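**Q** Below you will find the structure I want to go over with you.
Taken together, the values in this text are just the output of simple stated rules run on the coordinates, not laboratory data. None of the values given here were measured: they were computed from a predicted structure. Virtual Cβ from ideal backbone geometry, glycine too; neighbours counted across all protein chains shown.
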Amino acid sequence: MDTNTETLRSGHAKPKLKSKPVRPTAAQADRKFQPFFDQQSQREVLHFPRNRSVDATPPMPSLNKFDRQALVVCGDFGSRVDRRDLRRLFEKNPAVVKRIRQAVDGEIFPGRQREFLDDLVQIWTVNYGFEHIFCGDIKGGEIGGLHYVGRYAQLQEQGLAGRLADNQKREEVQEGEVYTIGVEVRVGNQLIRDTKKGYAYVSNAEELLRDGTWAFKHFPVGRSAGTQSCLYTVRDDDTADSFEIVFVKTAEGIVTMYPDATPPRNKQRC
């Protein structure tokens with residue numbers, strides 16, 4: 001899964017994913033989207049894996065209470081995430097915060113155990129990382145981020161998005177774990193399309209926050225280094241299956257993270 005770059009509002013670079021906004025015809029506006037998730041086993045040959053058919057539309061994931069609360073913070077597709085709302089999400093879920101804290105040995109930055117919640121909010125908002133990864137964003141008619149399986153489920157439930165048709169040659173699936181597919185989203189009177197978006201099927205909101213916070217701490221970069229990326233392996237808590245995540249950050253916060261079924265071979269590890 002490859003990306004180009006665009007400039008963050010903070011002046012740093014972040015992945016740029018190509019999309020093209022179009023005004024839907026009357027027929028397009030009325031039609032239903034192809035699903036991201038269904039109960040049928042429809043096997044297709046994609047770009048990856050080579051010469052083997054897979055099911056690119058797994059069953060609808062089950063979302064827990066915290067997943068739903070995280071989606072409330074997202075709001076409508078393309079809207080801004082207020083850091084105060086994210087802080088309230090953490091304050092309402094101290095058990096989740098406790099488990100994230102335990103994963104990073106009590107602190108994100110050295111000597112700041114008491115400021116853990118402040119730091120947690122900072123690293124997920126200073127570069128709009130939560131918004132970008134969990135919610136998806138729009139800038140200049142392009143889709144950014146959108147790497148949380150719960151957001152895909154919500155958008156399908158709302159009838160606002162679906163899988164892009166006739167895009168198999170660009171799609172990659174590691175069945176049960178990583179799904180990199182084409183997406184189209186209806187925003188107002190526009191359809192915004194992207195041929196390559198990805199989510200980890202087995203990662204709920206808490207696990208994404210925990211893994212992203214862990215990667216941020218264990219991949220230190222200097223303030224003058226700008227945007228840096230690394231690769232790390234995630235092992236699912238329930239299945240013990242593993243997959244690769246590309247993680248991108250600055251010294252101040254998280255830029256993006258996304259699963260990759262075909263990661264770069266020589267990329268540095270987190």
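**Q** For Cα pairs less than 8 Å apart in space and 6+ apart in sequence, what is the mean separation divided by the residue count of the stretch 127-270, i.e. the relative contact order in percent?
**A** Across the stretch 127-270, relative contact order equals 23 percent.
**Q** Can you list the equivalent-ellipsoid semi-axes of the stretch 90-174, largest first and in whole Å, using the square root of 5 times each Cα gyration tensor eigenvalue? Please report the intermediate quantities before stating the final value.
**A** Values: eigenvalues 217, 41, 36 Å².
Sorted largest first and rounded, they come to 33, 14, 13 Å.
**Q** Okay, next question. Using Cα positions and a limit of under 16 Å, work out the aspartates and glutamates in reach of K249, with same-chain residues fewer than 8 apart set aside.
**A** Within reach: E6, D119, E131, D211.
**Q** Still on this model: How far, in degrees from 0 to 90, does helix 65-74 lean away from the longest principal axis of the Cα atoms of the chain, to the nearest 10?
**A** That works out to roughly 80 degrees.
**Q** While we're here: Amide H to amide H, which residues 5 or more places from G182 or on other chains are under 5 Å from it, using H placed in the peptide plane?
**A** Hits under the 5 Å cutoff: L164, K197.
**Q** Related question: Helix 94-103: angle to the longest alpha-carbon principal axis of the chain, degrees 0 to 90, nearest 10?
**A** Taking the Cα atoms of the chain, the angle to 94-103 is about 80 degrees.
**Q** How many Å³ per residue does the convex hull of the Cα positions in the stretch 137-270 occupy? Please report the intermediate quantities before stating the final value.
**A** Working: hull volume 17.2 nm³, N = 134.
So the per-residue hull volume is 129 Å³.
**Q** Based only on other Cβ atoms within 10 Å, what is the fewest-to-most ordering of W214, W124?
**A** The most exposed by this proxy come first: W214, W124.
**Q** Fewest first, what order do C135, C230 take by the number of other Cβ atoms within 10 Å? Don't skip to the answer; put the middle values down first.
**A** Details: C135 27, C230 18.
The most exposed by this proxy come first: C230, C135.
**Q** Let me check against my output: what whole-number percent is the relative contact order of the stretch 69-172, with C-alpha pairs under 8 Å and at least 6 apart? Let's see the in-between values first.
**A** On the way: 84 pairs, mean separation 23.1, N = 104.
Here the relative contact order equals 22 percent.
**Q** What aspartates and glutamates could a cross-link reach from K169, if we take a straight Cα to Cα line under 20 Å and drop same-chain neighbours fewer than 8 places away?
**A** List returned: D2, E44, D55, E177, E184, D194, D260.
**Q** Shifting gears a bit: Could you tell me which of the pairs K32/K267; K196/K267; K65/K139; K65/K267; K196/K217; K32/K196 are separated by over 32 angstrom between their Cα atoms in the structure shown?
**A** Numbers: K32/K267 40 Å; K196/K267 20 Å; K65/K139 30 Å; K65/K267 36 Å; K196/K217 28 Å; K32/K196 20 Å.
The answer is K32/K267; K65/K267.
**Q** How big is Rg to Rh over the chain, alpha-carbon atoms, Rh as the Kirkwood inverse-mean-distance radius?
**A** 0.95
**Q** Could you list T256, T227 so that the one with the fewest beta carbons within 10 Å of its beta carbon is first and the one with the most is last? Could you put the intermediate results ahead of the total?
**A** Details: T256 24, T227 21.
By the 10 Å Cβ count, ascending: T227, T256.
**Q** List the cysteines in the chain whose Cβ has no other cysteine Cβ under 4.7 Å from it.
**A** So, none.
**Q** Another one. For q = 0.13, 0.17, 0.21, 0.29 Å⁻¹, what log10 I(q)/I(0) does the stretch 103-151 give under the Debye formula with an equal point scatterer on each alpha carbon and no solvent?
**A** -0.41, -0.61, -0.75, -0.99
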